[in-house]
Ligand code: NAD
Ligand code: ZN
């Protein structure tokens, strides 16, 4: 049934918060309607639909009403987005299309949603992905962006960035811009039912980190504080529950992720994220699990949250991997240090302007050795 035809009991399934629509069980039909509306608004037939590789493309194609001119791409999630991969994808898309599509859709987790945001911006801003890594470097709004998250926690559906790793420069940084927000977010919590338990925890915890890092920072504002507090409350309800993946809890976590992403759009993260970004750049460790590994070294900086985090992991029976076995030669430690210290804004938010006097190379080495 199409979302536009929703009537009776199903109407109550829709709840809107700004550009976001909460519609459990109706994600595919709602997406079909959103693309159709955008097609008629712009007069452009084709849309670009990026789908997390967990979902077979043919299956999703059968669920979303499209046209023959839509371009469907399965997005690999083994690695998180890289600037050169985004450029290669753009080159392919530009060859398949006569001009910008009516919409770019990202169906999946942070990897797929961030790829969709970057692709949308690169249709209308001349340059390669790395040219826009930073703050407010985009000149024009991208193509209409639609998000359909299928796993909750990154807040990528609500944030003003799309994180990409630049392997050459060692920079893990997104296109932070008002033009990076999604125009429409379709929140269907039934889509996260299939997420494996550990991944559900690792990605879910990302929103916990966003909340507490923002509330413990100096760059505060009442709006972000309120959103972060509510997001944290929901995360606590989910991960102290006996069944964190129940229908109600999946809806709560999807809400928490959206609120956390909105909160972080107005503030910054803290120390966990730069450390996790370094693990990602140097060892290729994924964001959610990287944040959890980084928590091994956070007792000194966030004592209450450290205790709470490990109580969640214990009660949920989730194993957080250790870095044992990875090489700790001086070159690796130097790379980890450099990749951490690149993140000046979150580090200033967490530790003040003279964060370098706290995070000396000896201290950073000590931090990584605790993991
Ligand atoms: P992900 O998108 O890499 O997905 C993790 C795994 O879950 C993948 O294997 C994927 O196939 C699988 N998956 C997704 N949905 C599923 C489902 N319904 N059922 C079964 N499996 C499913 O992971 P993530 O944690 O969502 O995103 C991480 C990325 O997000 C990183 O690149 C990170 O840098 C980025 N990020 C972005 C922001 C932002 O504001 N833009 C914030 C935080 C993190
Ligand atoms: Zn994060």
Inset, instruction - Please tell me if residue 127 is surrounded by fewer than 24 Cβ atoms within 10 Å (Cβ to Cβ) and farther than 27 Å from residue 214 by Cα. - result: yes
Legend entry - Filtered residues of the stretch 277-289 (kept if near ligand 1 (Cβ under 9 Å from one of its atoms) and either crowded, with 24+ Cβ neighbours inside 10 Å or modelled with pLDDT of 95 or more (or both)): 277, 286, 287, 288, 289
Inset, instruction - Return the total of residues in the stretch 136-165 being surrounded by 23 or more Cβ atoms within 10 Å (Cβ to Cβ), closer than 9 Å to residue 182 by Cα, touching a residue at least 60 places away in the same chain (Cβ under 8 Å) and over 9 Å from the mean Cα position of the chain (by Cα). - result: 2
Legend entry - Among (1) within 23 Å of residue 287 (Cβ to Cβ); (2) surrounded by fewer than 19 Cβ atoms within 10 Å (Cβ to Cβ); (3) within 15 Å of ligand 1 (Cβ to nearest atom); (4) at pLDDT 95 or above, the one test that residue 88 misses: (3)
Legend entry - Selection from the stretch 163-204 of residues that are within 27 Å of residue 239 (Cβ to Cβ) and within 16 Å of ligand 2 (Cβ to nearest atom): 163, 172, 174, 199, 200, 201, 202, 203, 204
Legend entry - Residues of the stretch 277-305 satisfying the condition of being within 19 Å of residue 232 (Cα to Cα) and either part of a loop (DSSP other than H, G, I, E, B) or more than 22 Å from the chain's Cα centre (by Cα) (or both): 298, 299, 301, 302, 303, 304
Legend entry - residue 84 vs. criteria more than 16 Å from ligand 2 (Cβ to nearest atom) and on the phi < 0 side of the Ramachandran plot: yes
Inset, instruction - Quick one: residue 274 ticks every box in (1) closer than 21 Å to residue 219 by Cα; (2) over 17 Å from the mean Cα position of the chain (by Cα); (3) within 15 Å of ligand 1 (Cβ to nearest atom) except a single one, so which number is it? - result: (2)
Inset, instruction - For residue 151, work out the one condition from (1) within 16 Å of ligand 2 (Cβ to nearest atom); (2) part of a loop (DSSP other than H, G, I, E, B); (3) modelled with pLDDT under 95 it doesn't fulfil. - result: (3)
Inset, instruction - Looking only at the stretch 97-118, count how many residues are in contact with a helix residue (DSSP H, G or I) (Cβ under 6 Å, 6 or more places away or on another chain) and part of a helix (DSSP H, G or I). - result: 2
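The values are calculated or read from the model by the stated rules, or taken from the named source; none is laboratory data. If you're wondering where the values come from, they're calculated on a predicted model, not measured in any experiment. All Cβ positions, even for glycine, are placed from backbone atoms using ideal geometry, and neighbour counts span all protein chains on display.
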